[in-house]
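Nothing in this text is a laboratory measurement; each read-out follows from the coordinates by a stated rule. Here the structure is a predicted model, which means the values were calculated and not measured. Positions of Cβ are generated from backbone atoms using ideal geometry, with glycine treated the same way; all protein chains shown enter the neighbour counts.
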Amino acid sequence: MAISSLFLILAVLLILLALGVPIAYSIGISALVTILPTMSLDVSVVTAAQRTFVGMSSFSLTAIPFFILAGNLMNQGGIAKRLVDFVMALLGKLPGAMLVTNAGANALFGAISGSASAAAAAVGSMVRQGEEEQGYDPALCAATNGASAPAGLLIPPSNALITYSLASGGTSVAALFLGGYIPGLLWALCCIVVGVILTVRKGYKGTPGKYDWKNLLVSTLHALPALSLIVVVIGGIVGGIFTATEGSAIAVVYALILGVLYRNIDLKSFWTIVVDSAKMSGMVVFLIGVSNILGWVMSFLQIPQAVSAALLGLTDSPIIILLIMNMILLISGTFMDVTPAILIFTPLFLPIVKTFGMSPVQFGLILVYNLCIGNITPPVGNTLFVAIKVGKTTLAKTIPYMLWYYAAILVGLLPVTFVPSISMGLPAMAGLI
């Protein structure tokens with residue numbers, strides 16, 4: 001019964017999504033349709049409303065709207081240009097300097113803004129002129145921009161990791177944040193290596209002349225206030241000085257001060273940013289609340305236990321089970337956004353990995369890493385399409401280059417999946433695990 005209920009949930013969900021029904025409504029309707037054969041309509045509807053309210057009442061959830069607002073303030077606050085100049089001064093001598101700069105700046109700006117699409121739009125726009133002047137292939141530039149942008153979703157502060165913390169029943173946000181650094185940097189490094197290889201093949205050179213230490217010093221000083229945000233917020237959370245929610249509020253104040261000092265934010269633009277952030281936050285918080293209905297239905301029908309028994313019945317090898325999970329997550333990520341996918345798959349897969357002793361911190365980073373690949377994979381691939389639009393090219397021209405990046409990023413997924421110290425090393429050193 002549990003397995004058939006799972007198939008019913010997935011079938012209704014996919015049909016509704018194909019019909020264009022918003023993801024939050026699709027999740028709620030699919031959960032209610034599944035529970036109706038075993039529970040009366042009035043009881044199921046009232047319970048679903050209660051579960052939605054409970055799902056949106058978590059104090060930790062407040063961090064997401066604040067980080068969204070902080071990210072939007074940074075997008076408008078002139079921070080992207082300073083980060084691009086800093087990375088260009090630092091890595092500009094490497095072959096294909098513009099692509100290397102694009103990947104490095106995406107990792108930094110994506111981490112600060114918390115949005116892969118925002119990083120692809122902001123950083124891609126900043127480096128496009130230099131790429132055009134140096135004769136770079138626009139499709140290659142778009143592929144590099146799109147492929148590297150999701151690295152920032154793993155590097156804290158990360159709304160995806162906060163969402164996973166809530167979905168997993170309270171996994172330490174500080175441990176997840178600290179654990180996300182190495183996987184995120186590994187993703188960015190994979191993109192940098194591919195960028196260098198492709199540019200060498202095409203004969204693109206780095207910036208000529210000797211290393212300009214003065215330029216590096218100046219660009220570092222300009223970027224230091226933005227880079228300090230990561231140190232202040234993450235250092236405070238990991239050090240126990242304040243919670244993730246308090247850290248998100250500090251990030252808003254910090255980003256607002258920077259935007260005003262850089263003279264890129266005035267009263268009118270600030271109001272627009274607040275309204276846009278409120279709309280985005282409302283969608284995310286409502287989605288999390290509605291997904292709590294799905295979690296309740298799965299728990300009531302014992303679906304996670306049935307899935308666990310089915311997978312463990314196929315094999316008792318953790319390696320095979322993790323490979324199967326990765327395949328499911330990779331496929332699902334191609335047509336589902338990161339947040340709803342986290343809310344759906346966490347209660348299904350987390351109990352399974354716990355049976356062979358995997359930490360919820362490591363699994364959370366495996367989950368987010370997999371789903372981030374969907375951000376750059378058609379048919380959804382929002383970040384990839386943003387990069388293509390910014391790069392003024394087409395999907396057909398970009399995909400051949402993306403195949404190189406897909407291969408490298410998947411290679412990076414293997415150590416994240418099978419080497420616990422990749423995700424657990426820093427949290428363990430900090431005493432968070």
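Tabulated results
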| read-out | value |
| --- | --- |
| Inter-probe distance in nm under a simple model that places probes 7 Å from Cα toward Cβ, at Thr334 and Trp271 | 4.6 |
| Calculated over region 291-341: convex hull of Cα atoms, volume per residue (Å³) | 84 |
| Computed FRET value (nearest 0.05) for Ile319 with Val218, which takes r as the C-beta separation and R₀ as 45 Å | 0.35 |
| Fraction of alpha-carbon pairs over 16 Å apart in region 1-82 - percent | 67 |
| Among Ala89, Leu69, Pro347 the positive-end extreme of the charge dipole of region 60-429 (Cβ point charges) | Ala89 |
| Ordering of 38-49, 193-204 by burial proxy (mean other Cβ atoms within 10 Å per residue, highest first) | 193-204, 38-49 |
| Chain lengthening between Val231 and Phe53 when straightened (0.36 nm per residue, less Cα-Cα) | 60.7 nm |
| Taking all pairs of distinct alpha-carbon atoms in the chain, Kirkwood radius in angstrom | 22.2 |
| Cβ charges +1 (Lys, Arg) and -1 (Asp, Glu), total dipole of the chain, debye | 760 |
| Mean Cβ neighbour count within 10 Å, used as a protection proxy, ranking 24-33, 147-156, 288-297, 267-276 highest first | 147-156, 288-297, 24-33, 267-276 |
| Neighbour-count ranking [beta-carbon atoms within 10 angstrom, fewest first] of Leu108, Leu261, Leu216 | Leu261, Leu216, Leu108 |
| Crossing angle, helix 382-391 versus the chain [Cα axis fit, 0-90 degrees, rounded to tens] | 20 |
| Nearest-0.05 FRET efficiency for Leu414 and Met39, computed from C-beta distance (R0 35 Å) | 0.25 |
| Residue-by-residue Karplus 3J(HN,Hα) for region 245-251, coefficients 6.51, -1.76, 1.60, Hz, glycine and proline x | 5, 5, x, 5, 5, 4, 4 |
| Karplus-derived HN-Hα couplings along region 306-319 (A = 6.51, B = -1.76, C = 1.60, θ = phi - 60°), whole Hz, x at Gly and Pro | 5, 5, 4, 5, 5, 5, 5, x, 6, 7, 9, 8, x, 5 |
| Within straight-line cross-link reach of Lys81, lysines at Cα separation under 24 Å, skipping those fewer than 8 residues along the same chain | Lys93, Lys205, Lys210, Lys214, Lys268, Lys389, Lys392 |
| Karplus 3J(HN,Hα) series, Hz, for region 327-343 with 6.51 cos²θ - 1.76 cosθ + 1.60 (x for Gly, Pro) | 5, 5, 5, 5, 5, 5, x, 6, 10, 9, 5, 4, 4, x, 5, 4, 5 |
| Region 174-257 - Rg over Rh from alpha carbon coordinates, Kirkwood radius | 1.11 |
| Mean Cα-pair separation over length for the chain, i.e. relative contact order, pairs under 8 Å, 6 or more apart, % | 27 |
| For region 118-237, the spread of Cα positions along each principal axis, largest first, Å | 51, 32, 21 |
| Inter-label distance for Asn382 and Lys354, nm, one decimal - labels placed 7 Å from Cα along Cα-to-Cβ | 3.0 |
